[in-house]
Structures are given as C-alpha cells and as structure tokens.
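Worksheet: one structure, shown below.
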Amino acid sequence: MALRVALCGFIVLVVVMGIGRFAFTPQVPLMIRDGQLTLTSAGLVAAINYLGYLLGAWDAMRAKRHIEVRLWLGIGGAVLLTFLSVLADNALLQGAIRLIIGAMSGWGMVLIAAWTNERLAHAGKPGLSAAVFAGPGAGIALSGLLAVAIQAKGLSAASAWQVYGVLALLLVALIARYLPKPGEWHRPEVKTQPLHLTTDLKRLVWSYSLAGFGYILPATFLSQMAALRFPGSLFAQFVWPVFGLAAVIGIGLSILLRHCGQSHQRLAIVLWLQGAGVLAAWLLPGLSGLVCGAVLVGGGFLCAVQLSLLYGRELAPYHARYMAGLLTTGYAVGQLVGPMTSALSTWLTGRLEPALGIAAVALVIGGVLVWKRRA
C-alpha cells in the first residue's frame, strides 16, 4: 500500500513537473528554430509559467474545499495543455498556455505532496515521502531523453508537444484508479496560531527565494545554451537529461547524508554548489562547462527544496503548512524574476551570460543566509 502511494506521487510529479512544466526547456531550441519564439520572448514565456505556478501553489496551500477536484484538474490540465501546446505557434498563445499549465502544476505539486505525506505517515512509512520528490528529476531526465530522439528524427516543435502529451497521458493512465476520488480525502482543518517570523525564519525565506531565482535560469536555458554553443552536436543534446538524472541522484544523496551536520548547513553547501555550477556553465569552455553546470545545479535542485522545507519545519514545527506556503511563494517569486532577468539581459546585451552571473551571486548569498543559525 505505501509503495503504491509513493509510486503514484512519483508518477504525478513526473507528469505535472517533469513534463508539464519542464518539457518547455528542451522545446525552446525547437520553437526558436521554427520561428515561434525568440530568446527574449522565451524568457518572458517562462516567467509567465512561473507566475501561474505561484498562483496555483498558493491557492493549493490555502484550499479547504474541493481538494481532490483541484488535484485532478492539475493532473488532467497538465496533460491536456501539453497536447494543446501544438496549436501555440507564437509567444502570445504559448504564454497563455504556460500560465494555465503553471497553475495546474502548482495544484498538482502541492496537493500530491500533501496526499502522499498524509498516507505514508498513516502507513508508518514517512521516509518514502522523500523518494516521491525524485519525480520531477525523473520527469526531466525522461523528457530530455525524448528530446534527443525528437531532434534526431528532425521533428517540429508541434510534433514534439504531441509526443510529450502521449507520454504524460500513458503515465497518468497507469495510476489514475489509485488517486483520491472526490470526497475520499479530507484534509484536517487546523487553526493556525500566529507565527512570529524570527531572524532565522526571515533568512530562510530570503534564501529560498534566491534559490528559486538562481537555479531557474540554467534550468530554463541549458538546452538553448548547448544548442547555440554546439549546433548539431549529439552530446550537447544530453545536457538536459543529465540535469534530471543529477536531480534524482542528488535527492538520494541527501537522504543518505541526512545525519551529517545540521540541515541548514547542508542547505548552504547545496546552494554554494549550485552557484559553482552556474559559474561553470558560463565560464568553463567546451561541453565540460555545460555538463558541470547540469550536474551541480541539477543535483542540488530537489535537495534545496527538501532541505529548505525540512529546516522550515525545524524552525516552526507547529506551523508546517504556513511555512510551506510562505516558502513556496518566495521560491515561485524567485522563479518568476529569473526569466524576466534573462529577457532583460538578452534584450540589452544579446547574451544570457550577464544574467547567469547574477544568478550565481544570488545562490552564494542564499547559502550565506542559512549557514549559521541565530537561535
């Protein structure tokens, strides 16, 4: 039973995050090639997607009714809108779809995490909940490997969206009967007592917001950077799958090293490693720089999420839901500002690299903020 719940959560995150949100990254080079986007408009479309995620995640955290309906809409919407992306042949239409699919993925991410955590805790297997969060990384790796095959076949961006849609539909079909039906899952209503935001809590929120800003630029544009630097290179096409695989391995290492040091110290180290990865993608020549960036930024992607939420629970154990909502909001704001920064960078300089430098600095500062606990 517990394994089935964990597998359901894992697959849902593959669909709503790995495909619904992040298939856009390997699609950017194809959409630019097909004249649907420019590098600047791609950054703006990505920002719109993260705005949708912010709205969906915040609504999911505050919802008290129709919880299962939101979950099903999130999952079904991610699949349907992936198919509908076939019709979005310009930045305006693509932006509208990415806004809605962002909200759908926000619903799916937050609510499936809440459902699996509740069920696994009831089954006495809370440790399996960490494995659920490998879903986004596995989805990124899977969609990235599909992107390699898609480019090898010379398919259009529209055809590629169809491929991703079929994959998402098949995965949902595997687990649909095990997901909660309307009326089956009632989240307990707990009156939240006022929370005093201590210095440590404020630093964590700022740190997590900077983490969202810092990682999202390479996470959005790694595929495009590889395509620009190494046009036609087969090896460059594997940079995005490497990012996803590194995320899965990173969450595994985080679980294995959970007894080493304090959670806030491990979080700081993860953010610094991500900052080094962003710098590597910018400064190291050849394919090695992009691979190092994919490994370090991707490897810390899910670790930063897990450790930030863990540290938040340690600082405010009786306000876990509120802290999760606050941190998710800060992270989403950071993700929203990131692509806007990249769009400004490419508009002013014609290059993405200045924005990468800012992202690296943000990650370093994020690590400094949580390295020492004040209380």
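Enter the mean projected area of the convex hull around the alpha-carbon atoms of segment 23-134, in nm², rounded to one decimal.
Averaged projected area of segment 23-134's Cα convex hull equals 7.5 nm².
When ligands, DNA and RNA are left out and all protein chains stay put, how many square angstrom of accessible area per residue does segment 18-107 have with a 1.4 Å probe?
36
Out of [x] 20.8, 65; [y] 23.7, 85; [z] 19.3, 57, which label holds the value of Rg and Dmax of the Cα atoms in Å that was computed here?
[z]
With a 1.4 Å probe and all protein chains left in place, how much accessible area per residue does segment 302-347 have, in Å²?
Normalised by residue count, the accessible surface of segment 302-347 is 38 Å².
Dipole of the chain, Cα-centred, from +1 at each Lys and Arg C-beta and -1 at each Asp and Glu C-beta, to the nearest 20 debye?
Roughly 800 debye, rounded to the nearest 20.
Just the number please: accessible area per residue for segment 146-245, 1.4 Å probe, all protein chains included, in Å².
Value for segment 146-245: 50 Å² per residue.
Please turn the phi angles of segment 271-287 into ³J(HN,Hα) values with the Karplus equation 6.51 cos²θ - 1.76 cosθ + 1.60 (θ = phi - 60°), one per residue in order, whole Hz, x for glycine and proline.
In residue order, the calculated couplings are 5, 5, 5, 5, x, 5, x, 5, 5, 4, 4, 7, 9, 6, x, x, 6 Hz.
Scan the chain and hand back the longest stretch that contains none of the GluC sites (Glu not before Pro) lying in DSSP loops with at most 10 other Cβ atoms within 10 Å.
Longest run free of exposed loop sites: 190-375.
Taking loop as defined by DSSP and a crowding limit of 14 other beta carbons within 10 Å, which trypsin sites (Lys or Arg not before Pro) in segment 302-369 fit?
ARG351
State, to one decimal in nm, how far the label point of LEU155 lies from the label point of HIS259, with both points 7 Å from Cα in the Cβ direction.
If labels sit at LEU155 and HIS259, their model points lie 4.6 nm apart.
Carbon and sulfur: what percent of the chain's accessible surface (1.4 Å probe)?
Carbon with sulfur: 70 percent of the solvent-accessible area.
Which net charge results when you count Lys and Arg as +1 and Asp and Glu as -1 among the other residues whose beta-carbon is under 14 Å from that of ALA147?
Summing Lys/Arg as +1 and Asp/Glu as -1 gives +2.
Considering Cα pairs under 8 angstrom that are at least six residues apart, work out the relative contact order of segment 97-249 and quote it in whole percent.
44
Which order, highest average first, do 326-338, 296-308, 144-156 follow once you tally other Cβ atoms within 10 Å for each residue and take the mean per peptide?
296-308, 326-338, 144-156
Considering the dipole of the chain built from charges on the beta carbon (Lys and Arg +1, Asp and Glu -1) around the Cα centre, which of CYS8, LEU344, LEU44 is farthest to its positive end?
Most positive-ward Cα: CYS8.
Restricting to Cα pairs below 8 Å that are 6+ residues apart, what does the relative contact order work out to for the chain? Please round to a whole percent.
Value for the chain: 26 percent.
With every protein chain in place, what's the accessible area of TYR178 (1.4 Å probe, Å², nearest 10)?
Near enough 80 Å² of accessible area.
The values are calculated or read from the model by the stated rules, or taken from the named source; none is laboratory data. All figures in this text were calculated on a predicted structure; none of them were measured in a lab. No Cβ is skipped: glycine too gets one built from the backbone with ideal geometry, and neighbour counts run over all protein chains shown. To get the accessible areas, we keep the full protein, side chains included, count just its heavy atoms, and leave off ligands, DNA and RNA. Shrake-Rupley method; radii C 1.70, N 1.55, O 1.52, S 1.80 Å.
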